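*Asks:* The structure that follows is given in the form of structure tokens.
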Amino acid sequence: MPTPAPLIDQFNRRITYLRLSVTDRCDLRCAYCMPERQTFLPRSEVLSLEELHRLALGFIDRGVTKLRLTGGEPLVRRDMIELVRALGRKLGQGLDELTLTTNATRLAEFADDLREAGVRRINVSLDTLDRATFARLARRDSLPQVLDGIAAARAAGLAVKLNTVALKGVNQDEIPDLIGWAHGQGMDLTLIEVMPLGEIETDRFDHFLPLSEVRADLARRWTLRDSGHRTGGPARYADITETGGRIGFITPLTNNFCDGCNRVRVTATGQLYACLGGNERVDLRAALRSADPEAALADALDTAMRIKPLRHHFDISAPGAAPAVARHMSTTGG
Ligand code: SAM
Ligand code: SF4
């Protein structure tokens, strides 16, 4: 049988990275991510474990080497570890890295299983170390579980990278302490600008904090040296001399990074979104459930390569603007 063609888009970008959402549900309600009363999808619409597995294998066959499981909160899905174990068997057989992004509330329970299945590094989202701020921001008093989860992951031998959304008037003053805490334990931390994805109760503009401002503030306190470190993603890095650690900056609003895009995202219902900041979409669930799933999936992936846009069109520069994309990050898979 001929080797399936690699995934190359109309701008000659090779797609080697899939972010696969396994659920849109979550046990937190981070205020910038989703409203308190979020309506979740009926379970019947979500891909089954077998479908998620088949889908992932289809991507690996087409040259995807890195797979990130996300959500929603991936660890609230009941059969999540089964999926991780099944996909872990592809490591070294086409797949180079299997990882996940989690809020860590249930990480203490699953850290050893993840490591055993072949996961080596994970991203944990942590916006504050202050319990009251956490409870306000995530609308759940879960900081102790999160910190236990991070400790358990490290004890299990998983490398943890922290992701922090920078929010004016929420965690802005705490960012240096968070970085100091992370670097003190040998964890890298990446800062992210809040993105206009899906309606929430408030206007994100009120809390939008350009990372150029954060960086200038950090540079008054510490020595920042630009780093050539790259992970194939949008983050740009700097080393901090005094902490001995690395800090990443993801700046979708203030600095476009789409030229080197190597990824696509698939929602828990099997919708492939060619860009986080766009509506270009292909229905992979329909392909999987068709009479000839293999051929239909191949066709759908070819279509995705034709419609992937050159860049996103986020704009958060004006108060009251409608979100660039109606989907929440928890739907597309962050
Ligand atoms: N629940 C998991 C977690 O929080 O790590 C995985 C999914 S979550 C949607 C993935 C990442 O998206 C988190 O780091 C979160 O902070 C970030 N995120 C969610 N909504 C965002 C938004 N509107 N702008 C920027 N980042 C956002
Ligand atoms: Fe849940 Fe992650 Fe969204 Fe927070 S950012 S509400 S943890 S999906």
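The values are calculated or read from the model by the stated rules, or taken from the named source; none is laboratory data. Since the model is a prediction, treat every value here as computed from it, not as a measurement. Glycine gets a Cβ as well: all are built from the backbone with ideal geometry, and neighbour counts include every protein chain shown. Surface accessibility is based on the protein's heavy atoms, side chains included, excluding ligands, DNA and RNA. Shrake-Rupley method; radii C 1.70, N 1.55, O 1.52, S 1.80 Å.
*Asks:* Answer with yes or no whether R285 is without any contact (Cβ under 8 Å) to a residue 60 or more places away in the chain, open to solvent by 20 Å² or more (accessible area, probe 1.4 Å) and among the charged types (D, E, K, R).
*Replies:* For R285, the condition - without any contact (Cβ under 8 Å) to a residue 60 or more places away in the chain, open to solvent by 20 Å² or more (accessible area, probe 1.4 Å) and among the charged types (D, E, K, R) - is not met.
*Asks:* Can you tell me which residue within the stretch 16-34, out of those that are at pLDDT 95 or above and of a type in the set (A, V, I, L, M), is nearest to ligand 2 (Cβ to nearest atom)?
*Replies:* Among residues in the stretch 16-34 that are at pLDDT 95 or above and of a type in the set (A, V, I, L, M), the one nearest to ligand 2 (Cβ to nearest atom) is L28.
*Asks:* Can you confirm whether R221 is in contact (Cβ under 8 Å) with a residue 40 or more places away in the chain, away from ligand 2 (no atom under 16 Å from the Cβ) and touching a Pro at 6+ places or on another chain (Cβ under 7 Å)?
*Replies:* yes
*Asks:* Working only within the stretch 82-110, note down all residues that are open to solvent by 10 Å² or more (accessible area, probe 1.4 Å), within 16 Å of ligand 1 (Cβ to nearest atom) and out of contact with any Ser or Thr (no Cβ under 6 Å at 6 or more places or on another chain).
*Replies:* Residues satisfying the conditions are R106, A108, E109, F110.
*Asks:* Here's another thing I want to ask about it. The conditions are (1) away from ligand 2 (no atom under 16 Å from the Cβ); (2) at pLDDT below 95; (3) out of contact with any helix residue (DSSP H, G or I) (no Cβ under 6 Å at 6 or more places or on another chain), and D9 fails exactly one of them. Which is it?
*Replies:* All conditions are met except number (3).
*Asks:* May I pose another question? Out of L126, L137, L98, L83, which single residue is closer than 27 Å to R37 by Cα and either touching a strand residue (DSSP E or B) at 6+ places or on another chain (Cβ under 7 Å) or away from ligand 2 (no atom under 16 Å from the Cβ) (or both)?
*Replies:* Unique residue meeting the criteria: L126.
*Asks:* Scan the stretch 112-135 residue by residue and report those that are in contact (Cβ under 8 Å) with a residue 12 or more places away in the chain and farther than 26 Å from L87 by Cα.
*Replies:* Those that are in contact (Cβ under 8 Å) with a residue 12 or more places away in the chain and farther than 26 Å from L87 by Cα: L126, D127, T128, L129, D130, R131, T133, F134.
*Asks:* Only one of R43, R37, R77 is open to solvent by 30 Å² or more (accessible area, probe 1.4 Å), of a type outside the set (S, T, Y) and at pLDDT 95 or above; which?
*Replies:* On inspection, the qualifying residue turns out to be R77.
*Asks:* Can you find a residue in the stretch 150-160 that is within 15 Å of ligand 1 (Cβ to nearest atom), under 23 Å from R236 (Cα atoms), open to solvent by 30 Å² or more (accessible area, probe 1.4 Å) and not in a helix (DSSP H, G or I)?
*Replies:* No: the stretch 150-160 contains no residue that is within 15 Å of ligand 1 (Cβ to nearest atom), under 23 Å from R236 (Cα atoms), open to solvent by 30 Å² or more (accessible area, probe 1.4 Å) and not in a helix (DSSP H, G or I).
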